[in-house]
Structures are given as C-alpha cells and as structure tokens.
Amino acid sequence: MSESRPPARAGFAPSPSFAKVPREQIATLSVETEICPQVLLRVLGILAARGMIPFTIAAHRDDRLQRIEIEIDALPETASRVLLQNVRRIVTVRRAELAGAVERAQTDDPIPAKL
C-alpha cells in the first residue's frame, strides 16, 4: 500500500520578525532629479554600499522632474554629510536633503578638511 503524505508546502519561508523602530530614529532622504531611468538605482546603490536597507522608497515623476524619498536609519552627523555629498555627485541630481533624525557625532572635535 502507498503511504499517504501531506502535500509539500509551497510558498515562502516565514519572514523574520523585526523590532519596531521609533520614528525619531528614522531619517528621510529627499532627492529631486531630472528624469533619468538610472537615478533611483544609483541612489539605492550608494545606500547599499554603506550596508543600509531602506524602510520605505517612494518615487514620483512629473513632466520634467523626478522626486525620490527614502526612509533610512538615522546617521551620525558626519556620515549624513558624506551620504549627501555622494548623492549630490550624481549628474542628474538637482537637490538632496536629509530630514529627520541625525545623530550627533560622539565627540565635538572638528572634522579635518582635506586640502
């Protein structure tokens, strides 16, 4: 006689549960760009290079501009400046801002300038 087995379970593995992040620990990266099919991927690539995974991603397009809003973990002040500089280096970016939580650096030492 054949043995009756339950059918194989199809689908995805159970998703891990993540702890809720307080709103004050989330920053919003807002980017305004000329319309370009690659700019969203480039901005996300900058975040991925830093090991960051966004909470939410929103992109809106009108006739001439594209607006991208990405919610990420709050960053130390110096890291947020570097992130914004990297995003602003993208040729099609017109404006980039980081609003919300920005952690203060641990020390009050001035940031050395590269000359």
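The values are calculated or read from the model by the stated rules, or taken from the named source; none is laboratory data. Remember, predicted model here, so these are calculated numbers, not experimental data. Virtual Cβ from ideal backbone geometry, glycine too; neighbours counted across all protein chains shown.
In region 82-98, the residues that are under 18 Å from residue 49 (Cα atoms) reach residues that are part of a helix (DSSP H, G or I) and among the polar types (S, T, N, Q) with C-beta atoms within less than 6 angstrom, at least six apart or across chains, in these pairs: 98/80.
From 64, 95, grab the single residue that is at pLDDT 90 or above and within 13 Å of residue 43 (Cβ to Cβ).
Among 64, 95, only 95 is at pLDDT 90 or above and within 13 Å of residue 43 (Cβ to Cβ).
Strands (runs of 3 or more DSSP E) fully within region 20-88 that include at least 3 residues being in contact with a Pro (Cβ under 9 Å, 6 or more places away or on another chain): 65-73. Within region 60-81, residues that are more than 13 Å from residue 97 (Cβ to Cβ) sit with their Cβ atoms under 8 Å from residues that are of a type in the set (Lys, Arg), at 6+ positions apart or across chains, in these pairs: 60/67; 61/67; 65/94; 76/104; 77/104; 79/50.
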